[in-house]
Amino acid sequence: MAPPAAAPSSGNAGIPSQQDVSTAGGVWAPTSAKRDKLAELKIELKGGLTSLDVAASEAEKLDLYLADGISSIVRTTDSVAVDVAAATTAGQLKEMDDWLTQQAGRSDLPDELPLVLWEEHLKNVALQVDRFLATLSADQCLKNVRDFYDASDNAKTMDSPPTDGVSSLQDPAVSAIFDQSVTHFRLLLTKAAAEHMMNSWKTLTAVSDQDVDRAAVQRVTLEPNRSTLPLGQLHQILRAYMTGTCVDRVDAVWGMFDRDQDGLLDEPEMNIVCQTAIQPFQTALSTIMQEVLDTYPVRAPLAPLDSPNADDVTRPNGWMQRRREAKQKKRLLQMFQKTLKRHFDDEVELAHRMRCIYAWSEKTHQDNKIDSITVEETGWNGRQRYVELHPKISLSEFREVQKVHFAHLDRVGAEYLKSFREDLWVAQGKGRQNRELMRDCAAFLAVVSILDYGIIGL
């Protein structure tokens with residue numbers, strides 16, 4: 001259903017602002033079960049507790065530190081581009097970029113790749129990324145992920161107490177490991193993008209129904225599927241995931257779907273571009289979470305970085321300890337997978353936001369009007385049919401609305417980690433409520449039992 005129209009208060013006459021949307025009664029869901037639960041938990045804070053972070057136990061804070069550490073890594077990959085020519089801490093990225101350049105110059109690799117060469121090349125990309133990941137193992141760079149924390153960045157996206165701008169990343173020892181972790185995650189993103197491109201051949205080669213109708217209007221026969229895909233645009237996508245930002249990734253994928261190179265896409269193609277830009281993050285984040293949990297015990301206390309035995313980790317020894325460790329890891333992984341599955345579809349309302357972006361954008365193509373045209377089909381029957389050609393949207397028009405109403409697309413990784421941290425708050429708050437309920441029930445049962453015993457003794 002189309003969103004309600006609102007009289008714009010500023011900016012472009014056809015694009016409502018956030019204030020306009022709120023004044024009109026709202027378009028996105030004003031609340032959710034998670035938001036209501038977080039509000040309830042914050043109201044229940046007492047005894048001088050100022051935030052849900054402070055209310056967490058020492059063991060529960062380790063999970064929050066885990067979310068903070070991974071969030072610091074992904075926020076860097078979301079918003080900071082890497083210049084491989086000038087970078088001194090991203091040697092693997094430079095070597096990977098050189099390898100892609102070398103592959104582009106191969107005489108046996110054409111500029112337009114058919115399905116067989118497409119899959120073979122992307123398999124080689126994944127294997128090459130694995131070789132670089134082997135030189136930058138998880139044990140080497142992810143063991144201290146809970147030590148990564150930047151209060152100034154967290155304050156922008158999380159309801160954390162003020163910490164006077166404390167940042168562990170200012171420590172040279174932590175900063176060096178952090179740079180390696182960011183490089184590691186960028187390589188994971190590159191591999192995930194390659195695998196996604198390899199499995200998306202049908203989606204990438206399918207010609208939209210609108211393009212088929214436009215070709216029929218022009219009396220041009222257009223095949224429903226392309227037979228090849230451009231190697232150069234594929235490498236642009238891989239480089240965007242490897243060294244670029246979220247904005248660069250959307251731009252690169254947009255270019256892949258812009259088959260006629262006019263800078264315009266139909267609405268279904270625009271939706272696929274956003275989904276394609278988000279999908280590799282789910283695979284890469286799932287991998288790095290598994291690696292972090294395997295590298296360092298979930299409930300092991302953090303050792304000081306300046307300690308001579310900082311690299312020594314106390315692993316669970318007994319059967320019960322190993323069982324508790326496995327249970328905690330399974331719980332965190334299941335919670336994280338649920339976050340990856342639900343956040344953009346359910347909490348951000350991806351599909352609805354995409355409909356609003358298309359509806360609110362200017363779309364100067366066809367003067368933002370639907371063209372109804374009669375097409376005479378070729379052949380002996382001479383039949384006629386009507387086609388409705390919806391206007392296309394340009395990347396600049398898409399960005400104009402997206403930056404106001406769907407800024408989540410410019411911080412995909414940070415959005416996932418923010419949602420995961422909120423899920424941790426909810427789980428920890430429910431645990432406190434259940435323990436308080438059990439304590440009250442036990443006290444009530446004890447009082448009733450004593451009274452009953454006294455009555456029986458009379």
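The values are calculated or read from the model by the stated rules, or taken from the named source; none is laboratory data. No experiment lies behind these values; they were computed from the predicted model shown. Glycine gets a Cβ as well: all are built from the backbone with ideal geometry, and neighbour counts include every protein chain shown.
Worth a mention:
- Counted residues, segment 255-305 - those being surrounded by 18 or more Cβ atoms within 10 Å (Cβ to Cβ), in a loop (DSSP other than H, G, I, E, B) and among the charged types (D, E, K, R): 2
- In segment 225-254, the qualifying residues are those that are out of contact with any Gly (no Cβ under 9 Å at 6 or more places or on another chain) and under 25 Å from ARG355 (Cα atoms), and the one that is surrounded by the most Cβ atoms within 10 Å (Cβ to Cβ) is ARG249.
- Segment 393-419 residues that are more than 20 Å from VAL182 (Cβ to Cβ), paired with ones that are surrounded by fewer than 19 Cβ atoms within 10 Å (Cβ to Cβ) and of a type in the set (Asp, Glu) (beta carbon under 6 Å, 6 or more apart): GLU397/GLU362
- Lone unmet requirement of (1) surrounded by 15 or more Cβ atoms within 10 Å (Cβ to Cβ); (2) within 30 Å of CYS246 (Cα to Cα); (3) modelled with pLDDT under 95 for VAL375: (2)
- Single condition THR77 does not satisfy, out of (1) within 22 Å of LEU417 (Cβ to Cβ); (2) out of contact with any Phe, Trp or Tyr (no Cβ under 8 Å at 6 or more places or on another chain): (2)
- Condition broken by ILE455, with the remaining ones in (1) of a type outside the set (Lys, Arg); (2) closer than 17 Å to ARG35 by Cβ; (3) surrounded by fewer than 10 Cβ atoms within 10 Å (Cβ to Cβ) satisfied: (2)
- For segment 50-59, the set of residues classified as surrounded by fewer than 18 Cβ atoms within 10 Å (Cβ to Cβ) and not small (Gly, Ala, Ser) consists of THR50, VAL54, GLU58, listed by residue number.
- Among the residues of segment 30-49, those that are assigned to a loop (DSSP other than H, G, I, E, B) and surrounded by 11 or more Cβ atoms within 10 Å (Cβ to Cβ) comprise SER32, GLU44, LEU45, LEU49.
- Some residue of segment 16-29 being among the acidic types (Asp, Glu), assigned to a loop (DSSP other than H, G, I, E, B) and modelled with pLDDT of 70 or more: no
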